[in-house]
Amino acid sequence: MAIKPDPVFALIDCNSFYASCERVFRPDLAKVPIVVLSNNDGCVIARSYDAKPHVKMGEPYFQIKHRLEKLGIVAFSSNYALYGDMSERVMSLIEAMVPAVEVYSIDESFADLTGIADVSAMGRKIRSRIFQCTGIPVGVGIAHTKTLAKLANHTAKRLQAQTGGVVNLCGDFEGDWVLRNTALSEVWGVGRKMTAHLEAMGIRTAMDLAKADPWTLRKKFSIVIEKTARELAGTHCLELDEPDPPKQEICCSRMFGNRLTELAPIKEAVATYMMRASEKLRAQKSYCKKVRVSIRTGMFNPDEAKYAKGVVVTLPYPTDDVRLLTRAAVDALDHVFQPGFKYSKAEVLLLDLRQPGEFSDDLFAVNQPAEASRVMAVLDEINGRWGRGTLRAASVPRNPDWGMRREMMSQSYTTQMQQLWQVSCR
Amino acid sequence: MATACREPGSIPGDVAVVDRSLEPVHGDAVVALLNNDPICKRLCLREKNVILQSENSKYPDRHVLEGDDLSIWGVITYTVRSHGN
């Protein structure tokens, strides 16, 4: 009788992903520190390894612009078209090499390496193939549980030189060392508050948590932290592709490219954000009963008058119809807009989400007309095939004046024929 | 990945299709990084010497010397010609 092999998970994640993507087509920047800025060139969201000692995550660009120039650090606006495409390439390469993959985020994925004879060699193979084919450096952490694989990956990152970027914790010795030398806050699923609670109980390192009594943890906190502790101890509780519960709230919020003082462009912006939010709503097959719309001025400039107001609108029935949602949100603006202020941001929040077929305690509850659901299905199909925004509400402009600032954006080297890398043959 | 490559002997504006997964061998058209500068050339390995050749006689061959830093970014597998339409 064959014994089922112990499960083996790998966590593969790209080093400084956005910065690495920018460097692929800029070999001249291989040894130059770079940073990538958030939407609107607001603040730092990614740093290359050599930029880390000089720049903190989240620092606002306007504050550090001079420092960057002085140190010769190059800044890029975020180029999501490029990062998304590079991510797909990395994930496809991994999918071609291992039995199963769960894409966790734009730059991380879990892989199932169960049954593979030499997992460390496979880890090194994954790392070198991804680098060869895409130019993106990755770290690989391997262990018997997802939580330990995350820890292994973190160690691979921390100790690049000694580990070659691949760490395998399936052996007891390595596993123990990492657990004893990893702080609680580094453990996947343990946030700041939980760290404080656990430290109060005398649990300080990952090893302490692995040895803690799971039942006590479950009673005191939740099943989530219990599973984390069990996983640290080597018992796998999390499968590849644990389904995400549908979100309870969906938010779409952006800063405007420049301050807005009139109601009309703010209505356009809110209609655009609602388009995006309703796509996410339909993607998780939910309906929404309440919408909250809010606008505010800048909050940091002492010379600007401050104002912030939001209002919640209840819809006549749970809906996913972008027309109804947009009308509700845009009309609500009449109740929050005040002339005389310089608005910087708007937010659309979809609340009170329901799944179809959920029990309603209202005997006279009305449902969305079937015709509306059919229209939404067609809308999503057309936009899926021809690109987001192909078909949209009339209030959503094609090229808004209040659109994002992105002054230092690189070319979309891999997604736009007119923006290919230009190489000469002199 | 596709790269726009003005390869001599071809019409400017040709698009080159570059495959990074291939190991470059003698005779391959490649995108090379010579001292971090990208160029399209033909790779010529003669004993211990590496020469980056042009297709166009207007441009001389580039011998790779001791102090040079050379790496191959990718191998060019196809070029696509635009006919201006």
Q) With +1 on each Lys and Arg Cβ and -1 on each Asp and Glu Cβ, how big is the dipole of the protein assembly as shown about its Cα centre, in debye rounded to the nearest 20? A) 1020 debye
Q: Could you list which residues have their amide H under 5 Å from that of A:THR205, counting only those 5 or more apart in sequence or on another chain, with H placed in the peptide plane?
A: none
(Q) Heavy atoms of the protein only, probe of 1.4 Å, neighbouring chains included. What is the accessible area of B:SER54 in Å², nearest 10? (A) 20 Å²
(Q) Cut-off under 21 Å on the C-alpha distance; same-chain residues fewer than 8 positions from A:LYS285 excluded. Which lysines are left, in chain and number order? (A) A:LYS247
**Q.** Whole-angstrom gap from the range A:89-137 to the range A:300-321, using each part's C-alpha centre
**A.** 43 Å
Q | Cα-based reach from A:LYS306 at 21 Å (exclusive), listing lysines while leaving out same-chain residues under 8 positions away | A | A:LYS267, A:LYS342, A:LYS345
Q | Simple spin-label estimate for A:CYS251 and A:ALA308 in nanometres, 7 Å along Cα-Cβ | A | 1.1 nm
Q. Rounded to the nearest 500 deg cm²/dmol, what is the calculated helix-only ellipticity per residue at 222 nm for the protein assembly as shown, with -39500 (n - 2.57) per DSSP H run of length n ≥ 4?
A. -9500 deg cm²/dmol
Q. Per-residue HN-Hα couplings for the range B:43-55, Karplus 6.51 cos²θ - 1.76 cosθ + 1.60 at θ = phi - 60°, whole Hz, x for Gly and Pro?
A. 7, 10, 10, 10, 6, 8, 9, 10, 10, 9, 9, 9, 8
Q. Mind checking Rg over Rh on the range A:28-96, alpha carbons, Kirkwood formula for Rh?
A. 1.05
Q | Between A and B, accessible area buried - total, square angstrom, nearest 100, 1.4 angstrom probe | A | 2000 Å²
Q: From largest accessible area down, sort A:VAL103, B:VAL18; use a 1.4 Å probe on the protein chains.
A: A:VAL103, B:VAL18
Q.
Distances longer than 33 Å among the Cα atoms of the protein assembly as shown: what percent of all pairs is that?
A. 56 percent
Q) P(r) for the range B:15-80: what percent of alpha-carbon pairs falls in each 5 Å bin, starting at zero? A) 4, 18, 29, 28, 16, 5, 1
(Q) How are the alpha carbon pair distances in the range A:1-125 distributed across 5 Å bins from zero to the largest one, expressed in percent? (A) 2, 10, 18, 17, 15, 11, 10, 7, 5, 3, 1, 1, 0, 0
Q | Cα radius of gyration and Dmax for the range A:205-282 (Å) | A | 21.8, 60
**Q.** Normalised per residue, the volume of the convex hull around the Cα set of the range A:133-268 (Å³)
**A.** 219 Å³
(Q) What's the magnitude of the charge dipole for the range B:15-80 around its Cα centre, counting Lys and Arg as +1 and Asp and Glu as -1 at the beta-carbon? Answer in Debye, nearest 20. (A) 180 debye
Q | Unit charges at the beta carbon, dipole of the protein assembly as shown: most positive-side option, A:SER412, A:GLN284, A:VAL55 | A | A:VAL55
Q. Tell me, which cysteines of chain A are without a disulfide-compatible partner by the Cβ under 4.7 Å rule?
A. A:CYS14, A:CYS21, A:CYS43, A:CYS133, A:CYS170, A:CYS237, A:CYS251, A:CYS252, A:CYS288
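The values are calculated or read from the model by the stated rules, or taken from the named source; none is laboratory data. Keep in mind the model is a prediction, meaning the values are calculated, not measured. In this analysis, Cβ positions are derived from the backbone assuming ideal geometry, glycine residues included, and neighbour counts consider all displayed protein chains. Only protein heavy atoms, including side chains, enter the accessible area calculation; ligands, DNA and RNA are left aside. Shrake-Rupley method; radii C 1.70, N 1.55, O 1.52, S 1.80 Å.
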